[in-house]
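Working notes, beginning with the structure itself.
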Amino acid sequence: MKKLFLLFCLAILYYGIHAQITDPVATEVWEPEPKAVHPGSVTAAPSDAVILGPDAWVHKDGAALQWDVADGVITVKKGTGAIFTKEKFGDCQLHLEWRAPKVIEGKGQGRGNSGVFLQNRYEVQVLDSYLNRTYSNGQAGSIYKQSLPLVNAMSPPGEWNTYDIIYEEPHFNADGIKVSSAYITVLHNGVLIQNHTEIKGTTPYIGLPKNPPHEDDVIQLQDHGNPVSFRNMWIRKL
Ligand code: MG
């Protein structure tokens, strides 16, 4: 009798599950409804983006921007130092366009070098990597000294490049220990060059990555002494 009851229960359970998965409505999710966003063209900012125009940037300690600004294009002014967004960011989608100088000067790391630092720590290399060999994990689109790009999608000197970056910030516990890494996806001129790449830590010139804890932080553009230009920068917080 007990066995019979158990079998009965199992039959009811099976029927219940079976009934659920044959009902198409059971697997429909209606809430929340994803917010409607009007897409731009390939490069134009979508409606919910924060525009990172010239007025979004400052030097160290909030000093006014000294890089050259003309028609919305910001160009590194050698020796003035890096620039930083006024606003801090975590997870984000970042679009920017950059151009190495048309007149070729220097070679390797000395040619068209700048960089985009997510959370002021993790550099996506900006470099004139058009017919300009350097170490692979230091060429354009590398996560500097960590991860080489999948391909070299570089435009010739003097022509614009786009970077579309999807960035997931790292997380730290209350003791300051990293419990999950940052991840980054990068498209260079629309070509996938970093595919959900784990960021192992900071991206120093000398030495290995480090993982000091941090919260949301600014985006930095590097002054490496070369007049690299930037335009049409926008960011979406995720
Ligand atoms: Mg650099």
- Answer with one residue from Leu187, Gly108, Leu127: the one whose Cα lies farthest towards the positive end of the charge dipole of region 2-237, charges on Cβ with Lys, Arg +1 and Asp, Glu -1. Gly108
- Could you give P(r) for the chain, binned at 5 Å from zero, as whole percent values over all Cα-Cα pairs? 1, 6, 12, 16, 16, 14, 9, 5, 4, 3, 3, 3, 3, 2, 1, 1, 1, 0, 0
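Could you calculate the contour length gain from Glu28 to Lys102, that is, 0.36 nm times the residue separation minus the distance between their Cα atoms, to one decimal place in nm?
Values: separation 74, 0.36 × 74 = 26.64 nm, distance 5.39 nm.
Working it through step by step, the gained length comes to 21.2 nm.
Counting only C-alpha contacts under 8 Å and six or more residues apart, can you give the relative contact order of the chain as a whole percent?
Contact order relative to length: 27 percent.
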- Please identify the trypsin sites (Lys or Arg not before Pro) of region 106-168 that satisfy two criteria: DSSP loop assignment and at most 10 other Cβ atoms within 10 Å. Which are they? Arg133
- Charge context of Gly207, other residues only, Cβ under 13 angstrom, K/R +1, D/E -1: +3
- Starting from the Cα of Lys60, draw a straight line to each of the lysines and keep only those under 21 Å, dropping any in the same chain fewer than 8 residues away. Lys77, Lys78, Lys86, Lys88
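Quick one: putting +1 on the C-beta of Lys and Arg, -1 on the C-beta of Asp and Glu, what dipole do you get for region 98-174 around its Cα centre, in Debye to the nearest 20?
Working: 7 positive and 7 negative charges, 68 e Å.
With only Lys, Arg, Asp and Glu charged at Cβ, the dipole is about 320 debye.
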- Message: Of Leu208, Asn226, Ser142, which is farthest towards the positive pole of region 2-237's charge dipole, taken about the Cα centre with +1 and -1 on the beta-carbons of Lys, Arg and Asp, Glu respectively?
- Response: Leu208
- Given the options Ala182, Ala70, Ala153, state which has the largest fluctuation in a GNM of the chain using a 10 Å cut-off (strictly under) for Cα springs. Ala70
- Task: Let me have the relative contact order for region 111-186, percent, based on Cα pairs under 8 Å that are six or more residues apart.
- Result: 18 percent
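Coordinate-derived values only; no laboratory data. Nothing here was measured: the structure is a model prediction, and the numbers come from that model. Counting neighbours? That spans all protein chains shown, and the Cβs are built from the backbone with ideal geometry, glycine included.
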